[in-house]
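Notes for the one structure printed next.
The values are calculated or read from the model by the stated rules, or taken from the named source; none is laboratory data. From a predicted model like this one, the values you see are computed outputs, not experimental measurements. Here the Cβ is made from the backbone with ideal geometry for all residues, glycine too, and neighbour counts use every protein chain on show.
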Amino acid sequence: MRPRPRPVALPSRLKALHRFVEVVADRLPAAELAPARAVLERAGQRLDMSREHTVVTLAGATGSGKSSMFNALAGLELSDVGVRRPTTARTQACVWGPAGSGELLEWLRLPSWHARETVLDADEQAALRGLILLDLPDFDSTAAAHREEAERLLDLVDLVVWVLDPQKYADNLVHERYLSRFRRHRDVTVVVLNKVDTLPPDGARTCLEDLRGLLKEHGLGAVPVLGASTVTGEGVAELRAQIEKAVTGKRAATSRLGADVDTVAGRLSAFVGPPAAEITPHLVRRASAALAATAGVDAVAGAAGASYRKRGVAATGWPLTRWWGRFRRDPLKRLHLDPVARTSVPPPTPARRAAATLAVRDLADQASQGLPEPWPTSVRAAARADEADLSDALDRAVGSTAITARDPRWWRFVGALQWLLALCALAGALWLLARLGLGALGIDLPLPKQGIVPVPTVLLGAGLLAGVLLTVVTRPLLGIGAARTERRATSALLTAVDLVTEEHVVAPVRAELRSYEDARKALELL
């Protein structure tokens, strides 16, 4: 995740985090979003409470001397100090200026606390007014309840003072399980090496340098590191100054929440990457063409051309043979093209089904190329989300597309001419038959001639020959018209399939990519 170009206010960052969680809620496992949801809930609660109080906790392992440090900072003996074993079984709290802190203390679930207000040192303690200082149970306690209490409060407090001792300051448990979790909380973390009085001066300096090196390895190189001793008082004033700075600045709460947002943003950054690619027209055309094949566009367009040819033959063919074509059903009617009921278009072959599935998947894969999971999976799922309705949508699109046009006017002219030629041939035939009949009765009927050919013979021959020639001439024209009709039908059907592809495949993929962009832009604000 690239760094933010400018500081963003905490409320805006929380709003962006909420938007991110909202967008990816159905795409990521609940466990992945649990920390973000916890931060949102915690931030909402903390920001609704007192901004005048700063919650500072002393955290440490068994024997680190944090209870002694707690008493030294409070100036009162509030926490029992164990000599041989840890004695902090529950959280101790001391409040400087308790007015208005009740809701915050209740949120921290601290039923008992001590108000640090005395007349004798009121001026001396004024700089800490608004401080809620906690002494946590040992986070390495053998009692599970103590560890759970320490873990719970470490997620809620505004500033953490880690109290370490010379014997355990390099313990992996301290650094790997706890301190490393606060690498993004440098502004609200202080580390104290306690009991330096038990070390020679050179040994104390060596331990402090070693501790700083360990902290740097875990991303905490910039945090304040103090040497202290509650026995000699060394470092206590410096620690108190660090706490006073946080209390008077009144920014520790928002800094802590900001660091929490940084932490979850770092985890969530794995789920976004570069901007989503555009869906190329080539992929859309390929998917649409594959779906058109499964919808039987070629069969329907072919039937449209064949229907044109059949109707043309019926309209322009020789009248005495037109009746023969009536016994053949119109190709379009055989397909039952009806936008309401299912058509009778032949079902697609397995190969065509596989090609359509592959084209849709290629579109989804290309659209999600370079995106981290879960987005490629969710984009593929979006591309196939309407798969159950896709077949019916294609069938309705094919059935409702207008693929026939009005018959050409020249058909009527040619048809009338064919009737005229047929009537001529019929008149010549009847004339000749009448003469033969009368001749059988002994009546000689003279025939007019055109040159040397009798007129009835001319009528019969010319009518038949002209009709055949007219049919021969019109058949190529009908073929050209049928091909044009087939092309127009193909274009209209492909346009209809394009709309179905856009609605049922491309639009869901684009919607998923928009969700990805929403999530990516939201995370950029974190």
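Please give the number of the condition residue 480 fails out of (1) surrounded by 12 or more Cβ atoms within 10 Å (Cβ to Cβ); (2) within 22 Å of residue 300 (Cα to Cα); (3) among the aliphatic types (A, V, I, L, M).
Residue 480 satisfies every listed condition except (1).
Among the listed residues 428, 439, 451, identify the single one that is buried (at least 17 other Cβ atoms within 10 Å of the Cβ) and either in the same structural domain as residue 318 (by TED's automatic domain parsing) or touching a residue at least 12 places away in the same chain (Cβ under 8 Å) (or both). Walk me through it before giving the result.
On the way: 439 fails: buried (at least 17 other Cβ atoms within 10 Å of the Cβ); 451 fails: buried (at least 17 other Cβ atoms within 10 Å of the Cβ).
The unique qualifying residue is 428.
Just to confirm my filter: which helices (runs of 4 or more DSSP H) fall fully inside segment 1-78 and include at least 1 residues that are in the same structural domain as residue 231 (by TED's automatic domain parsing) and free of Cβ contacts under 8 Å to residues at least 60 places away in the same chain?
Working: elements: 10-24, 30-47, 66-74.
Because the criterion is at least 1 residues that are in the same structural domain as residue 231 (by TED's automatic domain parsing) and free of Cβ contacts under 8 Å to residues at least 60 places away in the same chain, the helices (runs of 4 or more DSSP H) in segment 1-78 that meet it are 66-74.
Residues that are over 30 Å from residue 131 (Cβ atoms) and not charged (D, E, K, R): which helices (runs of 4 or more DSSP H) entirely in segment 251-331 hold 3 or more of them? Quick ask: steps written out before the conclusion?
Working: elements: 252-268, 281-294, 297-316, 319-325.
Of the helices (runs of 4 or more DSSP H) lying wholly inside segment 251-331, those with at least 3 residues that are over 30 Å from residue 131 (Cβ atoms) and not charged (D, E, K, R) span 281-294, 297-316, 319-325.
Does any residue in segment 497-524 that is farther than 30 Å from residue 14 by Cα come within less than 6 Å, Cβ to Cβ, of a residue that is assigned to a helix (DSSP H, G or I) and of a type in the set (Ser, Thr, Tyr) six or more places away or on a different chain, and which pairs are these?
Final answer for the pair search is 497/288; 498/288; 501/288.
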